[in-house]
């Protein structure tokens with residue numbers, strides 16, 4: 001039985017933890033800590049969590065917890081993830097992994113030193129939809145990939161206290177949303193350490209003083225080039241004129257054809273893969289549970305020796321390094337610089 005402790009009374013836990021556990025065996029919701037004990041009590045009562053810790057530190061000091069789910073703001077990821085690892089806990093850390101590359105390196109080093117599992121919660125990666133995309137690519141269905149286009153946009157309205165509109169907390173469209181399409185193209189291309197893409201260009205539309213300030217990107221675009229010459233164009237936006245239904249797309253163009261994918265974030269609500277090769281076109285969907293179901297299943301498989309972690313480690317460091325570079329190319333500060 002894997003005993004889960006929740007760092008933070010976050011809304012994302014409903015999708016990432018509570019709903020999947022209705023379908024998965026082998027886990028128990030052991031304890032929660034929040035910004036206040038009263039908030040933690042209310043949260044525990046609403047979600048059937050067994051115990052309430054009076055502080056984040058008290059949660060980590062419990063000896064009846066195996067896995068910490070860190071759903072705190074990105075500005076708190078490194079500090080509390082490292083502490084959790086040092087207290088002998090495995091950690092599933094929400095994306096974006098950290099505030100910058102330096103923090104990501106410190107987190108990964110702590111996991112290695114402590115001998116504990118540390119995963120970045122890129123939940124899409126574990127769903128049969130993306131598994132199918134990887135199968136097609138690795139089978140050479142469209143030959144050598146030369147161009148990739150990836151986008152994740154969705155309306156995220158501004159409100160006072162919104163972490164997505166506060167640079168010092170790790171906000172911004174590229175951090176909160178763009179980390180996904182960046183990870184999609186990197187995963188598809190299979191870049192190894194030392195073979196990471198370089199950022200060719202980046203630009204953004206920033207918020208005004210009343211909706212986050214000049215360091216918050218509302219809409220961002222970046223172009224990357226991989227070691228084999230392939231070009232990737234990624235885009236993201238959280239502008240208020242957009243739909244609340246996520247717009248996610250991934251297009252891969254190769255020497256033998258193309259693959260178009262939609263529904264990567266919420267595939268259980270509808271998805272599509274379109275494969276076009278010489279003289280043939282095929283379009284189909286991939287059934288399955290939510291992405292979060294497969295993410296927790298992957299955590300379980302890793303802890304029980306049936307799988308090797310697909311996220312975290314050098315992968316997480318590389319994603320943060322490129323996010324830093326994208327912000328710098330766009331004339332903005334890295335998120336780590338925003339809080340210093």
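The values are calculated or read from the model by the stated rules, or taken from the named source; none is laboratory data. Worth saying up front: this structure is predicted, and the values here are computed from it rather than measured. Methodologically, a virtual Cβ is constructed for each residue, glycine included, from the backbone with ideal geometry; neighbour enumeration extends over all protein chains shown.
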| Which one of the conditions (1) free of Cβ contacts under 8 Å to residues at least 12 places away in the same chain; (2) farther than 25 Å from residue 12 by Cα does residue 284 fail to meet, given that it meets all the rest? | (1)
| The listed residue being loosely packed, with under 15 Cβ neighbours inside 10 Å and closer than 20 Å to residue 120 by Cβ, out of 308, 266 | 308
| message | Out of 59, 85, 118, 148, I need the residue that is modelled with pLDDT of 95 or more, farther than 30 Å from residue 234 by Cα and in contact with a helix residue (DSSP H, G or I) (Cβ under 6 Å, 6 or more places away or on another chain). Which one? | response | 85
| note | Being in the same structural domain as residue 261 (by TED's automatic domain parsing) and in contact (Cβ under 8 Å) with a residue 12 or more places away in the chain narrows 194, 229, 190 down to just 229
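Which one of 258, 334 is over 29 Å from residue 76 (Cα atoms) and surrounded by 15 or more Cβ atoms within 10 Å (Cβ to Cβ)?
The unique qualifying residue is 258.
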| query | Of 77, 90, which residue is over 25 Å from residue 305 (Cβ atoms), under 23 Å from the mean Cα position of the chain (by Cα), modelled with pLDDT of 95 or more and not assigned by TED's automatic domain parsing to the domain that holds residue 319? | reply | 77
| Of all the helices (runs of 4 or more DSSP H) wholly in segment 1-108, which have at least 2 residues that are without any contact (Cβ under 8 Å) to a residue 24 or more places away in the chain and surrounded by fewer than 20 Cβ atoms within 10 Å (Cβ to Cβ)? | 37-47
